[in-house]
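The values are calculated or read from the model by the stated rules, or taken from the named source; none is laboratory data. The structure displayed is predicted, hence computed values, not measured ones. All Cβ positions, even for glycine, are placed from backbone atoms using ideal geometry, and neighbour counts span all protein chains on display.
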Amino acid sequence: MTLSAHTDAHSPSQQSSRPRRWWLIALFTLIALLAAVYLAVLGKLWFGQESLIFHPTPLPAGHTFQLPADVHEVTIDVPGAKLDAVHMQLPHPDGVVFYLHGNAGNLTSWFVNADFYRALNVDLFMVDYRGFGKSTGHIESEAQLLADVQAAWQTVAKQYEGRHVVFFGRSLGTGLAAKLTASLPPGQRPELLVLVSPYISMTAMAHEQYPFVPSALLRYPLRTDEAIKALGGATPVLILHGDKDALIPYRHAQVLSSLTPGVQLQAVPGAGHNDIQTYDVYLDKLRRAIASTVRPPH
């Protein structure tokens, strides 16, 4: 009887299965790590959206604005905070411009062109969002932000009953101004809605800048498009947008202007996002639009 020699060597099939098994383990480990990183990024985006969207410059509570005699500060009480605003009041104004500014700075960097509105004989009201300038508190949700904007308007709305009203939004403020307009009963809406450098929605902006992020993660959708559709052409809308805007591309304005009748789009050739106010095309169009609203031909 012949006995076969004992050996610890594995068969060829066993030898080939070991590296395959380690390769699969390594692959699954890599996938798990990537998934963990992805979830961590999504978590940071969910809880840190405010720092991505809003870039306020706070001011000390005791800060004193250097304001002309016809401009004064207004404090607006809202749940959990106090909003700071400035109100230019002329002796016999033809109307008011209610101005919602962009996502950075504060009133010291935004309330800089009062003479433009003074020459049109209209009052000007501008408010700082929570955490901006002397406004206290922190922005925590879109609903809160919209409620604050509504509270700011209600502070002066009765004062301008029966007078001409223009809502004005710039950049971030365009979505707020559009949604504020749409939230009001038809008889209380402004006679003109001006949107400078608007976005279709923050959801659309997020898709462009963060295509890997699910829409459901965005807590500030700010659907300007839905607000304009809700107006249904009943409120005239003027959109001014630089055709060289690298932050909010000009196509956003084109899409918004196509949603419903009553929306007029004025391109500002050569203008970017932060310098549009320096172009004569912008200033002339805005001047004529406000003048024709507050002093309509008889």
Does His252 satisfy the condition of being under 27 Å from Ala143 (Cα atoms) and touching a helix residue (DSSP H, G or I) at 6+ places or on another chain (Cβ under 6 Å)? no
Number of the condition not met by Asn274 [criteria: (1) part of a loop (DSSP other than H, G, I, E, B); (2) in contact with a His (Cβ under 8 Å, 6 or more places away or on another chain); (3) under 20 Å from Ala114 (Cα atoms)]: (2)
Anything in the range 214-229 that is in a loop (DSSP other than H, G, I, E, B) and charged (D, E, K, R)? List them, or say none. Arg219, Arg223
Restricting to the range 109-135, name every residue that is among the β-branched types (Val, Ile, Thr) and either in a strand (DSSP E or B) or surrounded by 16 or more Cβ atoms within 10 Å (Cβ to Cβ) (or both). Val122, Val127
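So that you can scan it fast, the table gives a plain yes or no per residue for (1) buried (at least 17 other Cβ atoms within 10 Å of the Cβ); (2) under 15 Å from Pro198 (Cβ atoms); (3) modelled with pLDDT of 95 or more:
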position: Ile228; (1), (2), (3): yes, yes, yes
position: Asp243; (1), (2), (3): no, yes, yes
position: Arg287; (1), (2), (3): no, no, yes
position: Arg295; (1), (2), (3): no, no, no
Name the residue, out of Ala253, Ala234, that is in the same structural domain as Gln144 (by TED's automatic domain parsing), in a helix (DSSP H, G or I) and within 24 Å of Thr293 (Cα to Cα). Ala253
Scanning the range 79-108 for residues that are part of a strand (DSSP E or B) and over 21 Å from the mean Cα position of the chain (by Cα), the one farthest from Thr181 (Cα to Cα) turns out to be Met88
Only one of (1) assigned to a helix (DSSP H, G or I); (2) in contact with a Gly (Cβ under 8 Å, 6 or more places away or on another chain); (3) more than 20 Å from Thr235 (Cα to Cα) does not apply to Thr155, and that is (2)
Lone qualifier among Thr224, Thr174 - being in the same structural domain as Val281 (by TED's automatic domain parsing), in contact with a strand residue (DSSP E or B) (Cβ under 6 Å, 6 or more places away or on another chain) and among the hydroxyl-bearing types (Ser, Thr, Tyr): Thr174
Identify all residues within the range 178-204 that are part of a helix (DSSP H, G or I), surrounded by fewer than 21 Cβ atoms within 10 Å (Cβ to Cβ) and not small (Gly, Ala, Ser); write none if there are none. Pro186, Gln188, Met202, Thr203
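Okay, residues lined up against (1) among the basic types (Lys, Arg); (2) within 15 Å of the chain's Cα centre (by Cα):
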| residue | (1), (2) |
| --- | --- |
| Val122 | no, no |
| Gly137 | no, no |
| Ala152 | no, no |
| Glu161 | no, no |
| Lys179 | yes, yes |
| Ala182 | no, no |
| Glu191 | no, no |
| Ala204 | no, yes |
Give the range 273-285 a look and list any residue that's surrounded by fewer than 17 Cβ atoms within 10 Å (Cβ to Cβ) and farther than 25 Å from Asp123 by Cα, or say none. none
